[in-house]
2 protein chains.
Amino acid sequence: MPILVMKFGGTSVATPDRIRRAAKRVGVEVAKGYDVIVIVSAMAGKTNELVGLVDDISPLYDAREYDAVVSSGENVTAGLMALTLQEMEVPARSWQGWQVPLQTSSAHSAARIEDIGTENIAAKFAEGMRVAVVAGFQGLSPEGRITTLGRGGSDTTAVAFAAAFEAERCDIYTDVDGVYTTDPRICDRARKLDRIAFEEMLELASLGAKVLQTRSVELAMRYNVKLRVLSSFEEQSDEAGTLVCAEEEIMESNVVNGIAYSRDEAKMTLISVADRPGIAAAIFGPLSEAGVNVDMIVQNISEEGRTDMTFSCPTNQVARAEKALEAAKAEGQINYHELVADTAVAKVSAVGIGMRSQSGVAAQMFKTLSDEGVNIKVIATSEIKISVLIDRKYMELAVQALHDAFGLDKVA
Amino acid sequence: MPILVMKFGGTSVATPDRIRRAAKRVGVEVAKGYDVIVIVSAMAGKTNELVGLVDDISPLYDAREYDAVVSSGENVTAGLMALTLQEMEVPARSWQGWQVPLQTSSAHSAARIEDIGTENIAAKFAEGMRVAVVAGFQGLSPEGRITTLGRGGSDTTAVAFAAAFEAERCDIYTDVDGVYTTDPRICDRARKLDRIAFEEMLELASLGAKVLQTRSVELAMRYNVKLRVLSSFEEQSDEAGTLVCAEEEIMESNVVNGIAYSRDEAKMTLISVADRPGIAAAIFGPLSEAGVNVDMIVQNISEEGRTDMTFSCPTNQVARAEKALEAAKAEGQINYHELVADTAVAKVSAVGIGMRSQSGVAAQMFKTLSDEGVNIKVIATSEIKISVLIDRKYMELAVQALHDAFGLDKVA
């Protein structure tokens, strides 16, 4: 029988009633003839509760014990979901990561999936079991200990199962009903997309559109797993939600498919840096070691052997960045006149695979912002994305103007 | 290094602070030179919370899924305890049942321990680890699924580890400071015993003295594991608590060491039963099939081919017993004139291994009760116990009078 993977996040399994609702959705797919692999998160709030206990006991914890503790929330949900399905007379059983086994690296709390053993579950499907409920977010290290996959681990678990079992599709049930052209809270003309390409989703996810974790989208792209994002709180048809898929499966598309933003950006400028070969490495090496996530980088033209270097990073990393740069200056590794931090900026990006073949998107973006009187502080471009750093107070205005300018409220 | 097993129940690990207090006790034993195996229960209330979720979802649950869900509480405590010990710079790690492995039968929710693999833990002790923290109450079935051991499972886990590792002793930390000659809430002259024989503890446990589960005492007796019961809420010396041990290790003992009672007893009498060979089997077979726990049985002398048969059972099983007996009568298996139930009775017992060698205990017990005007309804004796059924209103009086009569307030 064809296999479908269905993943339910923490809010979708927060109470016995919600678990029953989710199980009903699973029952619908079983009735259609699918063998289903259900991946569950911990009930909403449970993982935080467990993390809180660990923090109370040991701020600098042993990640192996942390993993053993926090993975228990998913085990509870997996058992409860299997019981709920059995109550509905759907043959089901639960699997914990070590029982599958889902083999991972030894990088506790941020483990990488290395292999999924399909034999045990496949044998049960062959015996007539219709649903395998798997505890998400967890796996087994080569040393036989429990690992967790880190943030978004359950989405990643789901995609990995879909790849390993060659599932027809991987449905991610969440608390939003799909991927939007932009954040509907900021722009009321935001429109749900029926389809979006993996590459676009990756850019949007990395920009803070929290629907799917970057890592799960990367994995889906690599194994060409069709991902569908849909709401567990609405009645669903076969066409519900948004399908994240390969570019080839999208017939028509706007040039720009999404406007993303990030509020917590800071712009930092090193004024009058001695310009010499290797200066970029001398600046960004220490920042990287200090754990600063540098995003955009701009270097102005050099005059008389000196230049200005500007970069952006998350607002809460500014202090760390300053400390790292001052230390590098004190050690003589770099030389600059002044370090200026602007923490009142935001990043706005236009994303679309259509940019590859169509020129003029950047020009249109700059003109739109200019017409609204929004000054651009930094520009960065990639193959399918144009990002600008602007004053934070103009962020909503910029998102709305760009959404209109690129016709995102209209279907392609 | 000598090995010590220490078990902490749910109230002893109910909060991070209590876990720290328990870990300190473990640290004291490590400092003395022991390698320690710590067995932990779930934090107080957690198992009930999980059972509640299962009951909400599936009243007639699949015991395999039930076990997968309810075992998670112990996993949390095991990780937290290991982290706490690490914070105190005691080398420690946690083990879940399947990691040990602790092999059990497939009888989910009431599994029997079949084998404890000592290799993994012994290898870690050899590498310098000082404490193995093991999640109690759980194991691994031959089918690779998680089992639980049922009521008192963590005590049983602790004793089984002590036997498998040939531990010097198994310390059970709980919320009472030892085993008493009787319930201090009923008799203020109750005295804590320094030592008690396995056989006596078994009789007391089965009579409702809730300090240790019968099953763990049986296991300790079979493998001659020294069990110490002590409080996790008091500063402890090496002589604290009560040692449950083989008879030979108790130098001096009173003839009677404990007065136990059970409040929820009912006395049932079948009046004028046709007396013939096999009649007892015809009566108690159906009761056993109906799940009635028959305790004492008395048969009066037979007159003219008829007799009266009296037995006791828990009060809440009276309705079930009546139904089973009436059905057996309707089917012609048994024949009696009348069935009388007296639900206002209690059982009081005197327990002591000294009874084996000293006569007159029964006589002294009957005289004591007679002097207090307490009428005895049923008598049953075993090698080391004499039990009587009396009106419930005299229960406290009887316990106090017997405690005095046998000099239990005085050390032997």
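The values are calculated or read from the model by the stated rules, or taken from the named source; none is laboratory data. Since this is a predicted model, take the numbers as computed values, not measurements. Neighbour counts run over all protein chains shown; Cβ positions are idealised from the backbone, glycine included.
Only a single criterion out of (1) touching a residue at least 24 places away in the same chain (Cβ under 8 Å); (2) touching a Lys or Arg at 6+ places or on another chain (Cβ under 9 Å); (3) not small (Gly, Ala, Ser) is not satisfied by B:Met251, namely (1).
Being over 26 Å from B:Tyr34 (Cα atoms) and not assigned by TED's automatic domain parsing to the domain that holds B:Ala346 is the requirement here; does B:Gly150 meet it?
Values: over 26 Å from B:Tyr34 (Cα atoms): yes; not assigned by TED's automatic domain parsing to the domain that holds B:Ala346: yes.
Against the criterion (over 26 Å from B:Tyr34 (Cα atoms) and not assigned by TED's automatic domain parsing to the domain that holds B:Ala346), B:Gly150 qualifies.
Among the residues of segment B:263-274, is there at least one that is modelled with pLDDT of 90 or more, assigned to a loop (DSSP other than H, G, I, E, B) and buried (at least 20 other Cβ atoms within 10 Å of the Cβ)? Taking every residue of segment B:263-274 in turn, none turns out to be modelled with pLDDT of 90 or more, assigned to a loop (DSSP other than H, G, I, E, B) and buried (at least 20 other Cβ atoms within 10 Å of the Cβ).
May I ask you to verify whether B:Gly354 is assigned by TED's automatic domain parsing to the domain that holds B:Asp295 and on the phi > 0 side of the Ramachandran plot? Walk me through it before giving the result.
Numbers: assigned by TED's automatic domain parsing to the domain that holds B:Asp295: yes; on the phi > 0 side of the Ramachandran plot: no.
For B:Gly354, the condition - assigned by TED's automatic domain parsing to the domain that holds B:Asp295 and on the phi > 0 side of the Ramachandran plot - is not met.
Taking segment A:202-219 as the search range and keeping residues that are of a type in the set (Gly, Ala, Ser) and surrounded by fewer than 22 Cβ atoms within 10 Å (Cβ to Cβ), which one is modelled with the lowest pLDDT? Walk me through how you get there before you give the answer.
Of the residues in segment A:202-219, the ones of a type in the set (Gly, Ala, Ser) are A:205-206, A:208-209, A:216.
Add one more test, that the residue is surrounded by fewer than 22 Cβ atoms within 10 Å (Cβ to Cβ), and what stays is A:206, A:208-209.
Details: A:Ser206: 64, A:Gly208: 56, A:Ala209: 59.
Among those residues, the one meeting the criterion is A:Gly208.
Among the residues that make up segment A:228-236, is at least one of them more than 26 Å from A:Val399 (Cβ to Cβ), in the same structural domain as A:Ala398 (by TED's automatic domain parsing) and in contact with a Leu (Cβ under 7 Å, 6 or more places away or on another chain)? No, segment A:228-236 contains no residue that is more than 26 Å from A:Val399 (Cβ to Cβ), in the same structural domain as A:Ala398 (by TED's automatic domain parsing) and in contact with a Leu (Cβ under 7 Å, 6 or more places away or on another chain). For B:Lys7, indicate whether it is among the basic types (Lys, Arg), away from chain A (no Cβ under 12 Å) and surrounded by 19 or more Cβ atoms within 10 Å (Cβ to Cβ). Spelling it out, B:Lys7 is indeed among the basic types (Lys, Arg), away from chain A (no Cβ under 12 Å) and surrounded by 19 or more Cβ atoms within 10 Å (Cβ to Cβ).
Of the listed requirements (1) over 19 Å from A:Ser154 (Cα atoms); (2) of a type outside the set (Gly, Ala, Ser); (3) part of a strand (DSSP E or B); (4) touching a helix residue (DSSP H, G or I) at 6+ places or on another chain (Cβ under 6 Å), A:Val244 misses just one: (1).
Among the residues of segment B:236-245, write down those that are more than 12 Å from B:Arg169 (Cβ to Cβ) and surrounded by 15 or more Cβ atoms within 10 Å (Cβ to Cβ).
We begin by selecting, within segment B:236-245, every residue more than 12 Å from B:Arg169 (Cβ to Cβ); these are B:236-237, B:239-240, B:242.
Listed by number, the residues that qualify are B:Gln236, B:Ala240, B:Thr242.
The sole residue among B:Leu149, B:Leu85 that is of a type in the set (A, V, I, L, M), under 15 Å from B:Ala42 (Cα atoms) and in contact with a helix residue (DSSP H, G or I) (Cβ under 9 Å, 6 or more places away or on another chain) is B:Leu149. Checking every residue in segment A:147-157 against the condition of being in contact (Cβ under 8 Å) with a residue 24 or more places away in the chain, more than 21 Å from A:Thr11 (Cα to Cα) and of a type in the set (D, E, K, R) gives zero matches. Evaluate the following for A:Ala92: is it in contact with a Cys (Cβ under 9 Å, 6 or more places away or on another chain), modelled with pLDDT of 95 or more, assigned by TED's automatic domain parsing to the domain that holds A:Ile37 and of a type in the set (A, V, I, L, M)? The answer is no for A:Ala92. Taken over segment B:398-409, residues that are surrounded by fewer than 17 Cβ atoms within 10 Å (Cβ to Cβ) and assigned to a helix (DSSP H, G or I) amount to 1.
Residues considered: B:Thr181, B:Thr157. Of these, the only one that is among the hydroxyl-bearing types (Ser, Thr, Tyr), touching a Gly at 6+ places or on another chain (Cβ under 8 Å) and within 23 Å of B:Ser382 (Cβ to Cβ) is B:Thr181.
Filtered by the rule that a residue be in contact with a Leu (Cβ under 7 Å, 6 or more places away or on another chain) and crowded, with 24+ Cβ neighbours inside 10 Å, segment B:73-103 gives B:Gly73, B:Val76, B:Leu80, B:Ala92, B:Gly97, B:Leu102.
Of the residues in segment A:75-84, none is modelled with pLDDT of 95 or more and touching a His at 6+ places or on another chain (Cβ under 6 Å). Scanning segment B:17-26 for residues that are touching a helix residue (DSSP H, G or I) at 6+ places or on another chain (Cβ under 7 Å) and surrounded by fewer than 19 Cβ atoms within 10 Å (Cβ to Cβ), we see that the one that is nearest to B:Arg130 (Cα to Cα) is B:Arg20.
Every condition in (1) in contact with a Pro (Cβ under 7 Å, 6 or more places away or on another chain); (2) touching a residue at least 24 places away in the same chain (Cβ under 8 Å); (3) among the small types (Gly, Ala, Ser) holds for A:Ala107 except the one numbered (1). Residue count for segment B:31-49 satisfying the condition of being crowded, with 21+ Cβ neighbours inside 10 Å and either closer than 14 Å to B:Thr174 by Cα or aliphatic (A, V, I, L, M) (or both): 8.
Answer with yes or no whether A:Lys367 is within 30 Å of A:Ala274 (Cβ to Cβ) and without any contact (Cβ under 8 Å) to a residue 40 or more places away in the chain.
On the way: within 30 Å of A:Ala274 (Cβ to Cβ): no; without any contact (Cβ under 8 Å) to a residue 40 or more places away in the chain: yes.
Spelling it out, it is not the case that A:Lys367 is within 30 Å of A:Ala274 (Cβ to Cβ) and without any contact (Cβ under 8 Å) to a residue 40 or more places away in the chain.
For segment B:282-305, a residue qualifies if it is over 24 Å from the mean Cα position of the chain (by Cα) and at pLDDT below 90, and the qualifying residues are B:Val298, B:Gln299, B:Asn300, B:Ile301, B:Ser302, B:Glu303, B:Glu304, B:Gly305.
Here is a list: A:Cys170, A:Cys187. Which entry is under 26 Å from A:Val256 (Cβ atoms), surrounded by 21 or more Cβ atoms within 10 Å (Cβ to Cβ) and touching a residue at least 12 places away in the same chain (Cβ under 8 Å)? Don't jump to the end; show me each part of the working.
On the way: A:Cys170 fails: under 26 Å from A:Val256 (Cβ atoms).
Among A:Cys170, A:Cys187, only A:Cys187 is under 26 Å from A:Val256 (Cβ atoms), surrounded by 21 or more Cβ atoms within 10 Å (Cβ to Cβ) and touching a residue at least 12 places away in the same chain (Cβ under 8 Å).
In segment B:284-309, the residues that are over 19 Å from B:Ala346 (Cα atoms) and of a type in the set (Asp, Glu) form Cβ pairs under 9 Å with partners that are at pLDDT 90 or above and assigned to a helix (DSSP H, G or I), at six or more places apart or across chains, as follows: B:Glu289/B:Ala324. Of all residues in segment B:365-390, those satisfying the criterion of being over 24 Å from the mean Cα position of the chain (by Cα), farther than 18 Å from B:Gln299 by Cα and either surrounded by 17 or more Cβ atoms within 10 Å (Cβ to Cβ) or of a type in the set (Lys, Arg) (or both) are B:Met365, B:Lys367, B:Thr368, B:Leu369, B:Val374.
Selection of helices (runs of 4 or more DSSP H) fully inside segment B:20-127 by the criterion of at least 1 residues being of a type in the set (S, T, N, Q) and more than 10 Å from chain A (Cβ to nearest Cβ) returns B:46-57.
Among the residues of segment B:107-118, are any touching a Gly at 6+ places or on another chain (Cβ under 8 Å), assigned by TED's automatic domain parsing to the domain that holds B:Arg151 and not hydrophobic (A, V, I, L, M, F, W, C)? For segment B:107-118, residues touching a Gly at 6+ places or on another chain (Cβ under 8 Å), assigned by TED's automatic domain parsing to the domain that holds B:Arg151 and not hydrophobic (A, V, I, L, M, F, W, C): present.
Answer yes or no as to whether B:Tyr173 is closer than 23 Å to B:Asp17 by Cβ and either part of a helix (DSSP H, G or I) or away from every other protein chain (no Cβ under 11 Å) (or both). Here the answer is yes, as B:Tyr173 does meet what is asked.
Restricting attention to segment A:370-393, the residues that are in contact (Cβ under 8 Å) with a residue 60 or more places away in the chain and in a strand (DSSP E or B) total 8.
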